[in-house]
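Colleague: To start, I am sharing the structure in question, which I have written as structure tokens.
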Amino acid sequence: MIALFSLALVVFASSLHVEAQDESRIKVYANRGDNITLPCGLERLSSMFGNRIKWTKIEDDSTETDVLVSMGFYKKTYGNFQDRVYLLEADDSDATLVITDLDLKDYGTYKCEIINGMQDKVVEVDLELQGENSLSFTGVVFPYSPRLGRYNLNFQDAEAACLEQDSVVASFEQLYGEWKTGMDWCNAGWLNDGTVQYPITKPREPCGGARTSAGLRTYGRQNKSNSRYDVFCFTASLKGRFYYLIQPKKLNFDEAVDACKRDGAEIAKVGHIYAAWKLLGYDRCDAGWLADGSVRYPISRPRKNCSPTEAAVRFVGFPDKKQKLYGVYCYKPQP
């Protein structure tokens, strides 16, 4: 059974949820834009003066990016974390890291190292977007493949693809939660633990066999550099206004981008349309351009000629960008 982490914390984000997987690994869930704490500390009080504390972010190729280094009164932050991170230092044993204004690029695995002569410690903290394992499920998982077609993404490409669509690579828990609500998808996709899986609610021959039970089909862990699949992305919130822009005529892709700009917005991303559809019940039967060059439309109320059998974000495809056959969906971020 997973126990809640017992270290006393100052919690900045009301949605923060912490789980201890073992003594050296912790999982934290938080929403984009939150100010959050990544717990780390010694088991007993010990003067931290002169001791070395180092926080790094572990990248997918196992390299480490420096976040913060502290040696006594000397403290230094690095790169994108400058002016956004600091040590909580609630007492002499505390090396908890505070990250302010969480961005999608901040999610991932962090390592805390405390070098204390007599009592050293290393802790890894997985920071994940708020999802099914948190206090409430407030997001949506969606499958994604690029214009090149299915099974064209290695793990690094998959991460980049999700970020480009205002989302992150989904976790097993998030995909499992979506499967429980009826998600059925026969294309295998990356998850953030490096496994490749797909959710099946209606067993059939091309998707693992007609006589198998419903569930998540898994290919296990795959080579992150050489293996190529689709990806399951997760987006948890909509921090702005998503809308279909009424125009007197149909647009090609470049015209669609310009139309949104003239309206003080940007062309919407795939993550935006899924969040608006799932979280806000957005319903529109007009196919429109999105930022990745795809054409889609969101249906919350199934009806004739508009996804008659199920609520869904319908995918038209990646048409020739010169075709003047579609409208456009725009997005205005909150100021």
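The values are calculated or read from the model by the stated rules, or taken from the named source; none is laboratory data. Since the model is a prediction, treat every value here as computed from it, not as a measurement. Cβ coordinates were reconstructed from backbone atoms using ideal geometry, including for glycine residues, and neighbour counts include every protein chain displayed. Please note that ligands, DNA and RNA were not included when accessible areas were found on the heavy atoms of the full protein model with its side chains. Shrake-Rupley method; radii C 1.70, N 1.55, O 1.52, S 1.80 Å.
Colleague: For residue 160 and residue 91, FRET efficiency with R0 = 41 Å and r from the beta-carbon atoms, rounded to 0.05?
Modeller: 0.50
Colleague: In whole angstrom, note down how far apart the Cα centers of the stretch 147-174 and the stretch 192-266 are.
Modeller: 8 Å
Colleague: (1) 40, 24, 17; (2) 34, 29, 17; (3) 36, 26, 20: which one is semi-axes √(5λ) of the Cα gyration tensor in Å as calculated from this entry?
Modeller: After the calculation, the listed value that fits is (1).
Colleague: P(r) tail for the stretch 266-335, what percent of Cα pairs lie past 19 Å?
Modeller: Across the stretch 266-335, Cα pairs with separations above 19 Å total 31 percent.
Colleague: Normalised by the number of residues in the stretch 53-181, what is the relative contact order in percent for Cα pairs under 8 Å and 6+ residues apart? Write out the running numbers ahead of the final one.
Modeller: Values: 164 pairs, mean separation 22.7, N = 129.
18 percent.
Colleague: Dimensions of the stretch 69-168 along principal axes (Cα, Å, largest first)?
Modeller: Cα extents, longest axis first: 54, 30, 26 Å.
Colleague: Right, here's the next one. Show me, for the stretch 277-282, the HN-Hα J-couplings you get by feeding each phi into the Karplus relation (A = 6.51, B = -1.76, C = 1.60, θ = phi - 60°), rounded to Hz, glycine and proline as x.
Modeller: My calculation for the stretch 277-282 gives 5, 7, 8, 10, x, 5 Hz in order.
Colleague: How many nm separate the modelled label positions at residue 314 and residue 211, each set 7 Å beyond the Cα in the direction of the Cβ?
Modeller: Label-label distance for residue 314 and residue 211, simple model: 3.8 nm.
Colleague: While we're here: Sketch the reach of a paramagnetic label on residue 201 as a point 7 Å from Cα along Cα-to-Cβ, and name the residues of the stretch 281-307 whose backbone nitrogen lies under 14 Å away.
Modeller: 302, by backbone N distance to the label point.
Colleague: Let me ask something additional. Among the lysines, which fall within straight-line cross-link reach of residue 27, defined as a Cα-Cα distance under 29 Å, with same-chain neighbours fewer than 8 residues apart omitted?
Modeller: Within the straight-line limit of under 29 Å, residue 27 reaches these lysines: 54, 57, 75, 76, 105, 111, 121, 180, 224, 239, 269, 278.
Colleague: Right, here's the next one. For residue 324 and residue 58 in one chain, what is 0.36 nm times their gap in residues minus the Cα-Cα distance, to one decimal in nm?
Modeller: Extra length from residue 324 to residue 58 when fully extended: 91.3 nm.
Colleague: Hey, what did the chain get for relative contact order, percent, Cα under 8 Å, at least 6 apart? Let's see the in-between values first.
Modeller: On the way: 751 pairs, mean separation 43.9, N = 335.
Computed value for the chain: 13 percent relative contact order.
Colleague: Separate question: How many Å² of accessible area per residue for the chain, probe 1.4 Å?
Modeller: 49 Å²
Colleague: Round to the nearest 0.05 the FRET efficiency obtained for residue 71 and residue 100 when R0 = 25 Å and r is the Cβ-Cβ distance.
Modeller: 0.65
Colleague: Let me ask something else about it. Tell me the angle of helix 253-262 to the major Cα principal axis of the chain, expressed in degrees between 0 and 90 and rounded to the nearest ten.
Modeller: Relative to the chain, helix 253-262 is tipped by roughly 70 degrees.
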